[in-house]
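Below is one structure, written out as structure tokens, with a few remarks after it.
Rule-based calculations on the coordinates, nothing more; no lab input. In this text, all values refer to a predicted model and were calculated from it rather than measured experimentally. As a convention, Cβ positions derive from the backbone with ideal geometry for all residues, glycine included, and neighbour counts pool all protein chains shown.
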């Protein structure tokens with residue numbers, strides 16, 4: 001029994017794939033019937049469909065542009081941008097994106113700090129309004145309790161903190 005070589009299978013696959021590279025053309029004849037073929041007829045209104053290769057130029061026309069930059073220059077009537085210009089634009093877009101990212105993260109951090117300040121101010125205000133005894137550390141390190149006037153002043157100060165940090169700006 002003979003062994004089949006892997007090279008034969010690769011060659012066979014390559015030969016079978018060649019017809020897949022052909023273009024398919026679609027056109028309508030004068031009777032209104034639509035036709036499909038891999039050979040273009042000599043009439044206007046031909047549309048290439050299912051192409052896996054570059055379209056062939058119609059007889060008597062110029063060859064198509066060879067690269068995307070030349071094609072865009074032809075279609076927009078503007079000169080193609082040089083590599084340095086495209087690189088500069090890329091760097092500018094990247095710098096703008098980085099700045100936007102930094103601004104977004106700073107805004108998020110600022111909003112987080114405001115939310116934390118708001119929560120602390122509300123907690124302090126609730127503690128002052130509950131009537132429980134509130135104390136502070138004095139200069140000697142000992143505790144002193146707030147009297148009624150000091151409590152009212154602290155309530156007003158905590159309300160100002162709530163107004164400043166809990167409202168949307």
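Points to keep in mind about this one:
- Ranked by the mean number of other Cβ atoms within 10 Å per residue, highest first, peptides 131-141, 80-90 order as 80-90, 131-141.
- Full extension of the segment from residue 155 to residue 85, taken as 0.36 nm per residue of separation minus the current Cα-Cα distance, would add 19.0 nm.
- Counting other Cβ atoms within 10 Å as a rough exposure proxy, the listed residues 39, 155 run 39, 155 from fewest neighbours to most.
- Using a cutoff of 8 angstrom between alpha carbon atoms and counting only pairs six or more residues apart, the relative contact order for the stretch 83-165 works out to 30 percent.
- Once the Cα-Cα distance is subtracted from the 0.36 nm per residue extended length, the residue 112 to residue 24 segment shows a gain of 25.6 nm.
- For the stretch 89-132, the square roots of the Cα gyration tensor eigenvalues, ordered a ≥ b ≥ c, give a/c of at least 1.5 with a/b greater than b/c, which places it in the prolate category.
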